[in-house]
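Reading through the structure tokens given below for one structure.
The values are calculated or read from the model by the stated rules, or taken from the named source; none is laboratory data. Keep in mind that this is a model prediction, so the values were computed, not measured. Cβ: placed from backbone, ideal geometry, glycine included. Neighbour counts: every protein chain shown. In case anyone asks, the SASA skips ligands and DNA or RNA and just uses the protein heavy atoms, side chains included. Shrake-Rupley method; radii C 1.70, N 1.55, O 1.52, S 1.80 Å.
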Amino acid sequence: MLRYLTAGESHGKGLVAILEGMPAGLKVDAEKVNHELKRRQQGFGRGKRMQIEKDRVEILSGLKKGMTLGSPLALFVRNKDFSIEKLHAVLCPRPGHADLAGLLKYGLSDVREVLERASARSTAAAVAVGAVCRIFLEKFGMRLASKVISIGGEVVPAKRHSKIAEAIQRRDTVGGTFEITASGVPVGLGSYAQPGRRLDARLAAEVMSIPGIKGVEIGLGFGYAQRFGSEVHDAIYHAKGKGFFRRTNNAGGIEGGISNGQDITLRGCMKPIATLMSPLDSVNISTRKASRAGVERSDICVVESAGVVAEAAAAFVLADAFLEKFGGDCLQDILASYRNYLKRIR
Ligand code: EPS
């Protein structure tokens, strides 16, 4: 139903996304997209690049007078640091980054040619896509939020910045976990009919596609493995006026690959950024001699931003699944179909 592609290098002219499948008749306010782009740039532990860039979207196509036409949306985020042609070569791949595997795979001789596209800078384009999806979802009462759960093994907000401050002091980096919540999601998105249609699988794949994400769990996640069935499954109740309801939400809003009407909750784990100011052992790719990994300007901790990017990823998946269920081309038709569905399941 909905698909997108992104292009762009970290220090190229900018980042582009083409989003296809948004229905006609949706008002898209570029400032709402800019708001999400700004959220992505924030958080304690971001590097100097975020002081250079003020990410803003230019919507190149797909809109007239701020309304979607049903044609592809082309979204452009310009890089202020457009220096790709002048940057020095990088010869010592960073452990934990795409550097070495990418270099060998593509037959390149300069790590920079890998890291430019492998950089998490590309998530700016993904956030722009997610922001448009979010505007669509809001039309139907859906909302997304995220929060940091832990940094370097410590639960926040109790010690909000201490691990990041420690990482800065050690000339190190630190990862953590975040949680996203989608509320107002109707029952019935996704399907058990085919493995690839399962909403949980689609959310996990999209969130796992964010650079640095090493784990995703939905609802109780790995916690399920430690308890009895009677302790974890969300008992079903019914009340007049309220309909079916649950008193717990261990399922994280998804059962059998279908949204069940409860909030969708998903946690992601992000590894520490691979660029270390006190670098690990590596090998010079041209001499094959032992060396230290390359040092690039980078961030110390981006878990908060990763949560914002994961919201965008979830917004894309939910918009896609919603369009699948309620039809595609015209917002008015989708609203009518949705109302009709709500009436039937009431
Ligand atoms: C990023 C921009 C990059 C990095 C970071 C994310 O800017 P630069 O490399 O010019 O400092 O701060 O990228 C990485 C962490 C990475 O591993 O490539 C951004 O816009 O989020």
Handout entry: Residue, nearest to the chain's Cα centre (by Cα), within the stretch 79-101, restricted to residues that are closer than 14 Å to residue 13 by Cα and among the basic types (Lys, Arg)
Key = 80
Practice task
Find the residue count for the stretch 226-257, including only residues that are more than 24 Å from residue 147 (Cα to Cα) and of a type in the set (A, V, I, L, M).
Solution key: 3
Exercise for the section: For the stretch 97-115, indicate whether the set of residues that are open to solvent by 10 Å² or more (accessible area, probe 1.4 Å), out of contact with any helix residue (DSSP H, G or I) (no Cβ under 9 Å at 6 or more places or on another chain) and under 26 Å from residue 312 (Cα atoms) is non-empty. Expected result: no
Problem - Criterion: at negative phi, assigned to a loop (DSSP other than H, G, I, E, B) and within 16 Å of the ligand (Cβ to nearest atom) - qualifying residue of 71, 10 - result: 10
Completion exercise
Inside the stretch 250-299, the number of residues satisfying the requirement of being out of contact with any Leu (no Cβ under 7 Å at 6 or more places or on another chain), under 16 Å from residue 178 (Cβ atoms) and either of a type in the set (Ser, Thr, Tyr) or without any contact (Cβ under 8 Å) to a residue 60 or more places away in the chain (or both) is 1
Exercise for the section: Report, by residue number, each residue of the stretch 13-54 that is surrounded by 15 or more Cβ atoms within 10 Å (Cβ to Cβ) and within 11 Å of the ligand (Cβ to nearest atom). Expected result: 15, 37, 40, 41, 43, 45, 46, 47, 49, 50, 53
Completion exercise
Of 14, 21, the only residue that is touching a residue at least 40 places away in the same chain (Cβ under 8 Å) and under 30 Å from residue 300 (Cβ atoms) is 14
Problem - Any chance residue 187 is part of a strand (DSSP E or B) and either open to solvent by 20 Å² or more (accessible area, probe 1.4 Å) or not β-branched (Val, Ile, Thr) (or both) - result: no
Problem - Which numbered condition residue 225 fails, given (1) under 21 Å from residue 342 (Cβ atoms); (2) more than 22 Å from the chain's Cα centre (by Cα); (3) of a type in the set (A, V, I, L, M, F, W, C) - result: (1)
Exercise for the section: Tell me the helices (runs of 4 or more DSSP H) entirely within the stretch 227-346 that contain at least 2 residues that are exposed (fewer than 14 other Cβ atoms within 10 Å of the Cβ). Expected result: 229-232, 331-345
